[in-house]
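Peer 1: Take a look at this one; I'll ask things after.
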Amino acid sequence: MFKNKAIVIGSAFLLAIVLFSCLSIKPKSTVIHSPLVNQKQHKIEKSEEMPIIRESNPLLTSISNGIPQEHREAEYIKWLQSSFKILVGDGASGSGTLCYYNQKTNTAYVISCGHLWNGNMSAGSGEVWATVITWYHNNNKLPNPKKYPAKVIFYSNQAGYDCSLLAFNPDWVPQIYYPIARLRPIQRGERYHSVGCDHGTEVADYIVEVIDIAPDLRGARSIVTQYNSPRPGRSGGGLIDKKGYFLGICWATSRKDGTGLGYFTPLEAIHAIYKREGYEFLIGQPLPGIARRIPILDHNRPGRKYSENYILLPNL
């Protein structure tokens, strides 16, 4: 009888140890739902400074698009000349894009991702510096890349709002920058320029195709692309349309070799953070060389709306 009782007590003690051990185990990565069709699960892990999305959807894990094709030919200089490499204090590197240049103050504003830094920093709450590296002064390829100290104005690591803003004083007058676009629909199948410094190398242009834009369990939305997907080092690089408007920020990839999918912070998230931080004026700027349209106020016909192509002639 005592022997059986001892066995029962011993078994209960072992069971308690097993349960305690299970509760004490920490997950290696956060499990969330994929922003893609059917809300399949995926994991987010860290690889250098770029998060890696581990998809469990077999339709996605089977995608293999080949090693990304880099473009540095002359016809791509429009997208290369104002795209930069970003170096931060701990030695990590990413990419950034010139989104506006104020010639009066000689200030160049660079948009990038937030996860190059830890946590979050609001505008005016800290003194953080980084280094901007460029290979071009407008259309001119430099014999050697040039470095500039850049002040980090703010950065956000909030889920779905991975973005930052830097500013520096260039010693040339940038003729090209990529304004942050106003909110606009982005459709599946559209192709854009994904520009950045994969593995910290010279900036290159990659053509990607949108396959989805959808939220995950965090409430975060991403522009998801295929073909020529990001590799570590392209974090913070811009997603730019053929006209030169900035549409998204590279923040993650599904494979380190770039053969899987790419993930970009969308415009609605960028707008929300930039408005919150007091930099709304950077949104919707005209393309370089294009004057901002002056609205027409017709006192005789207050309700009339005039198109952007309307030519106002004197009443002769």
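Peer 1: Can you name the strands (runs of 3 or more DSSP E) wholly within the stretch 88-197 that have at least 3 residues being of a type in the set (K, R)?
Peer 2: 140-156
For (1) among the small types (G, A, S); (2) under 25 Å from G91 (Cα atoms); (3) surrounded by 19 or more Cβ atoms within 10 Å (Cβ to Cβ); (4) modelled with pLDDT under 95, each residue gets a yes or a no:
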| site | (1), (2), (3), (4) |
| --- | --- |
| S235 | yes, yes, yes, no |
| L239 | no, yes, yes, no |
| I249 | no, yes, yes, no |
| D257 | no, yes, no, yes |
| P266 | no, no, yes, no |
| I273 | no, no, yes, no |
| I290 | no, no, no, yes |
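Peer 1: Return the residues of the stretch 163-190 that are among the charged types (D, E, K, R) and touching a residue at least 60 places away in the same chain (Cβ under 8 Å); say none if nothing qualifies. Quick ask: steps written out before the conclusion?
Peer 2: From the stretch 163-190, those among the charged types (D, E, K, R) are 171, 182, 184, 188, 190; that's our starting set.
R182, R184, listed by residue number.
Peer 1: Have a look at H193, H199 and point out the one that is farther than 23 Å from L165 by Cβ, outside the structural domain of C113 (by TED's automatic domain parsing) and touching a residue at least 12 places away in the same chain (Cβ under 8 Å).
Peer 2: That would be H199, the only listed residue that is farther than 23 Å from L165 by Cβ, outside the structural domain of C113 (by TED's automatic domain parsing) and touching a residue at least 12 places away in the same chain (Cβ under 8 Å).
Peer 1: Looking only at the stretch 169-217, how many residues end up being under 15 Å from the mean Cα position of the chain (by Cα) and among the basic types (K, R)?
Peer 2: 0
Peer 1: One residue is enough: does the stretch 294-312 have a residue meeting the conditions modelled with pLDDT of 95 or more and touching a Pro at 6+ places or on another chain (Cβ under 9 Å)? Show your work before the answer.
Peer 2: At the first step, the residues of the stretch 294-312 found to be modelled with pLDDT of 95 or more are none.
Looking for residues that are modelled with pLDDT of 95 or more and touching a Pro at 6+ places or on another chain (Cβ under 9 Å), one finds none in the stretch 294-312, hence no.
Peer 1: While we're on this one: So which residues in the stretch 252-278 are among the hydroxyl-bearing types (S, T, Y) and over 16 Å from V110 (Cα atoms)?
Peer 2: T253, S254, T259, Y263
One line per residue, one yes/no per condition, for (1) in contact with a Pro (Cβ under 9 Å, 6 or more places away or on another chain); (2) of a type in the set (A, V, I, L, M, F, W, C); (3) outside the structural domain of V208 (by TED's automatic domain parsing):
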residue	(1), (2), (3)
V132	yes, yes, yes
W135	yes, yes, yes
K141	no, no, yes
P149	no, no, yes
I153	no, yes, yes
N157	no, no, yes
C163	no, yes, yes
Q175	yes, no, yes
R188	no, no, no
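The values are calculated or read from the model by the stated rules, or taken from the named source; none is laboratory data. It should be emphasised that the depicted structure is a prediction, and the values quoted were computed from it without experimental measurement. Cβ coordinates were reconstructed from backbone atoms using ideal geometry, including for glycine residues, and neighbour counts include every protein chain displayed.
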